[in-house]
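What follows is a structure written as structure tokens; I'll ask about it next.
Coordinate-derived values only; no laboratory data. Remember, it's a predicted structure, so these values are computed and weren't measured experimentally. Neighbour counts run over all protein chains shown; Cβ positions are idealised from the backbone, glycine included.
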Amino acid sequence: METDKLFDEYYEKSLLQGGTTCCPGCGGPLFWRMTLDALGPNTIVYGDGPCAMCAIRNIKLPTFGLHFSFVADGSTGIVAALAAKGRRDITVVSSAGDGATGDISFGKVSAAAERNENMIQICVDNEAYMNTGIQKSGLTPFGAWTTTTPLGKENPKKAVPMIIAQHKVPYVATVSVAYPRDLKAKIKKAKGIEGFKYIHTVMPCPTGWRFDPAKSVEVVRLGVETWAWPLYEIEGGVLKLSMKPKPKPIEEYLRPQRRFRHLTKEQIEFIQREVDARRQRLLENDGKRIIL
Amino acid sequence: MEFTRMMEGNEAAAWGAKLSRAEVIPAYPITPQTELISHIATLIARGEMKAQYIKVEGEHTAMAAACGASAAGARVFTASASQGIAFMEEALWMPPGRRLPIVMCMVNRALAPIGGLRPDHNDALLQRDTGWIQLYCENSQEVLDTIIMAYRIGEDRQVYLPVAPCYDGYFVSATAIPTTVPDQGEVDEFLPPYKHEMYSLMPGDYRRPPFPLNIAKARYEVQKAMERAKKVIEKVDREYAKRFGRGYDGLLEEYACDGVEAVLVTMGSMTGTARDVIDEMQAEGKPIGLVKLRGFRPFPTEELRELAKKYHVLGIVDRNTSYGSAGGGVVAMEAARALYPLDDRPLLLNFHVGLGGSDVTMRQIRYMADKVLETLETGKVEKEVEWVELLDLGEVM
Amino acid sequence: MIEIRFHGMGGQGAVMGALMLAEAAFSEGKYAQKIPVYGGMRRGGDVTVFLRLDDKPIRRTCGIYEPDAIVVLDPALISVPAVRKGLKKGGLAVLNDERSPEEVDLGVELSKLATVDATGISTEVLGQRAIPITNTTMLGAISKATGWVKLESLFEPIMGMFPGRIGELNVEACKRGYEAVRVREA
Amino acid sequence: MSQIVRAFRPEVDNEKCVRCGNCQTFCPEGTVMVTDEGVVFDYRYCKGCGVCANECPVDAIKMVREA
């Protein structure tokens, strides 16, 4: 078939092989296609375990992974080996999900940041342990249903990008697959910086967030438009908001996701107040140094 | 140039890593391993050693970084002890499964809470099932020599497994004896640069072992590599002896065994003490010999079966415990399995001594040796497992 | 084989002292072995070090319970029973003690008992410290009292351990210990 | 690789299509391509998630039942 040939040629050139094992509508392969486009072929990808990494099996670049609790550590070794061999031309990307980054390997990410390891550490955040069947992580947002928080999570989401920024690393950024140009620009920028770069990406998960897969991109776009997922970068300690959309009500972001459907009016109002307050603080600090 | 001077086990290990030209060293400090990595840090700071020393935040990360670096083509060295090894446990399964020839010194120290800072072997023996080659060293010199050999063994394409030179904390790690440091050029000739035919993470030259579709087969590959390692260990030891004038008889050494019918079997630093006791006893006309178990993984099954043809009683000294086991320490149980298929089995005595890090004294060894001889005479095993330290045999620190 | 036990307080340099003595003996063609027995790396605790000297390689790697000799780096330890425990009849002791050897009784017949005011000498030469570093002074005293090693053989190990000016001062302390030691022979 | 199981498949009305490229940009699997002749899909790998249809600003893509 002519179309098949067309696509085969495309896959041949692409750094991501077609046909991933991810769920329909998963943001994982989308994120990796954009990211690898930005990074180019001289890249080693490290990571294993979390379900967004299903896509990693399709990455045609050198990949290496150990297991779920091994975040930013095997890549530390790869970085050291490259230094020992004098290979300064290769970018090392280290990737993990939200549970690995924020919970079990939080200390490891922190330590790699403190050592300022020369790599791009990526948190692929789908806000719960999805590969094991939707269990709460430290990065699950307030109110979200998971199988271990059947009444909704009681505590707020851990602010990992801000915590990593306080390590005085050269670059921290949040990205979303709904904004490919912004995403690619940030990845490219990170590639050009020496030291520890932290990229936090929202990863729409139709299965765990319980929405129609067709709305994958729409939902995370709404996340940005409602300020549930502000996009920013922190370069040299200075905060810069990537976009300042006119805020839509948070309900527009919550409504399509059935993980939030049990929320009461009061709870939604509470979330709205929290989001508003954070937006306010972000706007106040835009362009300012936020590292203590 | 080769030189000899007083050197502690930990410093000897640092020289071993330096002479082996280890390129990446991720390590986290723990007593009694700390002097090892501070010696390495000093060698690097002085410009005498060229390596990336990663000051990681824990042992789990140390081993993970070791895996990453090894897969990316660097020769890797690290070391840990006791709680550190236990903390690393999850990561320790990675190098054998991924076939990465990392070398890690296990500086034996008792595990908490019932143990001190000094050695017993439970920390390393805890890792007996992970697929690491384990070679137990008696003194500084053997530590240095074994590290160099370890890279040759682990990086042999017949093997591709990680190797752990194990040595007792304090009694080897901080004990200084005259130690010969071989010439770098000689070591370079003995140990060529690291090259892994299964692995390359370099873009453009990417290859790694395929994801195992048949898991049992992949595991059996590791088992076969372990079995092949026996021959490789012996071959490398012979070559080392030929070049450097010091050898260790591969997996096990028979000491003063001419004409004896009973032997003590020891592992680690207590072997040195046992040599003196055995000499004393032979001078008194008592026919007892000594077998030093150097290789615990792979276990020298065939070699032990050979010994069983010559010796009627084996007194196995276990500086470890396995609570609620079939009987005795880990080494005794391994030995029992190795000897079980024989028609004519020797009698097996098992002694627990030096647990939690206490000293193994001459008197204790003498006691055990006497028991072995007594059993040879009576032909009867009075006690299968004996906790020697519970007896009053004089002062023990 | 001579089996020697060093006793000191953490920070006085018992471990290093024993190692320097071992190095000196090794430089004279002897075999030596040093085994320290301490807990953590804390200062102020008591420290025991085992030192063996022999004409052939030393293999045993156990503690020394019946020493041929003891070396005590701090006067406060001399009266501690564990310090003299097991000391062999006809053995030898080198003590950091202001008293003359005639005034000291360790409760066992010794072939030689030597005393030197190592605290005084080290304070004079190296300056006053809460925990006086007495090891190098004791080494000088040991050399004179026992003849295990020549005084000159100690200088290189000392300079190796403490390069520069501090090394020179320690060599000075060592010489002073050599001169000041008083020996009582049986 | 297991076979793709899909209830709906995307189909395009190339008359309506404005060649904006959103479908290609946002297809999670990279199975949509905008060519000179219009939009084409790789049905071998398309999982039928419907993101392309959802992101189409002119409703040129419809999800239709698999035969």
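Considering the convex hull of the alpha carbon atoms of region A:33-95, report its projected area averaged over all viewing directions, in nm², one decimal.
4.0
Here's a follow-up. Most exposed first by the Cβ proxy, i.e. fewest other Cβ within 10 Å, how do D:Val5, C:Val49, C:Val183 rank?
By the 10 Å Cβ count, ascending: D:Val5, C:Val183, C:Val49.
Between 0 and 90 degrees, rounded to the nearest ten: what's the tilt of helix B:215-244 against the longest Cα principal axis of chain B?
Rounded to the nearest ten degrees, it is 80.
Using the charge dipole of the protein assembly as shown (Lys, Arg: +1 at Cβ; Asp, Glu: -1 at Cβ; taken about the Cα centre), state which of A:Ser110, A:Ile250, A:Gln166 has its Cα farthest towards the positive end.
It is A:Ile250, whose Cα lies furthest towards the positive end.
Measure up A:Lys189/B:Lys195; B:Lys230/B:Lys310; B:Lys371/C:Lys30 against 27 Å on the Cα-Cα distance and list the ones that go over.
With Cα atoms farther than 27 Å apart: A:Lys189/B:Lys195; B:Lys371/C:Lys30.
If you average the C-alpha positions of region B:62-106 and of region A:189-248 separately, how far apart do those two centres end up, in angstrom?
36
Okay, next question. Run lengths n ≥ 4 of DSSP H only: what is the helix-derived mean residue ellipticity at 222 nm for chain A, with -39500 (n - 2.57) per run over all residues, to the nearest 500?
Value at 222 nm, helices only: -10500 deg cm²/dmol.
How do A:272-279, A:92-99 rank on mean C-beta neighbours within 10 Å, highest first?
Listed from highest to lowest mean packing, they are A:92-99, A:272-279.
How big is the dipole moment of the protein assembly as shown about its Cα centre under a simple scheme where the beta carbon of each Lys and Arg is +1, that of each Asp and Glu is -1, and everything else is neutral? Debye, nearest 20, please.
Magnitude of the dipole: close to 3060 debye.
Then there is this: Which order do the peptides A:142-154, B:12-24 take when ranked by the mean count of other beta-carbon atoms within 10 Å per residue, highest first?
Ranking the peptides A:142-154, B:12-24 by packing returns B:12-24, A:142-154.
If a/c stays under 1.5 just call it rounded; otherwise compare a/b with b/c (prolate if a/b is bigger, oblate if not). Do that for region B:246-397, with a ≥ b ≥ c from the square roots of the Cα gyration tensor eigenvalues.
It comes out rounded by the Cα gyration axes.
Arrange the peptides D:19-31, B:339-351, B:186-198 so that the one whose residues have, on average, the most other Cβ atoms within 10 Å appears first.
D:19-31, B:339-351, B:186-198
Within 10 Å of each Cβ of B:49-59, how many other protein chain Cβ atoms are there on average?
Neighbouring Cβ atoms belonging to other protein chains average 4 per residue here.
Around A:His200, which amide H atoms from residues at least 5 apart in sequence, or from another chain, sit under 5 Å from its own amide H, with H modelled in the peptide plane?
Close amide H contacts, sequence-distant or interchain: A:Cys123, A:Ala173, A:Thr174, A:Val175.
Need one value for B:198-205: mean number of C-beta atoms belonging to other chains within 10 Å of its residues' C-beta atoms.
Rounded to a whole number, the mean comes out at 5.
Shifting gears a bit: Residue by residue through A:67-75, how many Cβ atoms from other chains fall within 10 Å of the Cβ on average?
That works out to 6 on average.
Quick check on the exposure proxy: order B:Ile215, C:Ile158 from fewest to most C-beta atoms within 10 angstrom.
Exposure proxy ranking, most exposed first: B:Ile215, C:Ile158.
Under 1.5 on a/c is rounded, so check that first for region A:167-292, then, if it is not, pick prolate when a/b is larger than b/c and oblate when it is not; a ≥ b ≥ c are the square roots of the alpha carbon gyration tensor eigenvalues.
Verdict is oblate for region A:167-292.
To continue, here is another question. Efficiency by 1/(1 + (r/R0)^6): what FRET value for D:Cys17 and B:Val222, r their Cβ-Cβ distance, R0 = 45 Å, to the nearest 0.05?
0.20
Then there is this: Find the relative contact order for chain A and round it to a whole percent, using C-alpha pairs within less than 8 Å whose residues are 6+ positions apart.
Dividing the mean separation by the residue count of chain A yields 16 percent.
Over chain C, what is the mean sequence separation of C-alpha contacts under 8 Å (at least six apart), divided by residue count, expressed as relative contact order in percent?
Across chain C, relative contact order equals 23 percent.
Determine the shape class of region B:64-150: with a ≥ b ≥ c the square roots of the Cα gyration tensor eigenvalues, call it rounded for a/c under 1.5, and otherwise prolate if a/b is greater than b/c, oblate otherwise.
oblate
Where the centroid of each part is defined by its Cα atoms, how far is region C:129-186 from region C:87-103 in Å?
If you average the Cα positions of each part, the centres end up 17 Å apart.
With everything on Cα atoms, drop me the angle between helix B:270-283 and the longest principal axis of chain B, reported from 0 to 90° to the nearest 10.
30
Averaging the inverse of every distinct alpha carbon separation and then flipping it gives the Kirkwood radius. What is it for region A:109-156, in angstrom units?
Here the Kirkwood hydrodynamic radius works out to 12.2 Å.
Here is a follow-up. Could you list D:Arg9, A:Arg289 in order of exposure, starting from the residue whose Cβ has the fewest other Cβ atoms within 10 Å?
A:Arg289, D:Arg9
Say a paramagnetic label sat at a point 7 Å from the Cα of B:Thr4, along Cα to Cβ; which residues of region B:245-285 have their backbone N under 19 Å from it?
Correct set: B:245-249, B:272.
Enumerate the helices in chain A for which the Kyte-Doolittle hydropathy averages 0.0 or more and the C-alpha atoms extend at least 27 Å along the helix's axis, using complete DSSP H runs.
Taking the DSSP H segments of chain A (at least 27 Å long, mean hydropathy at least 0.0), we get none.
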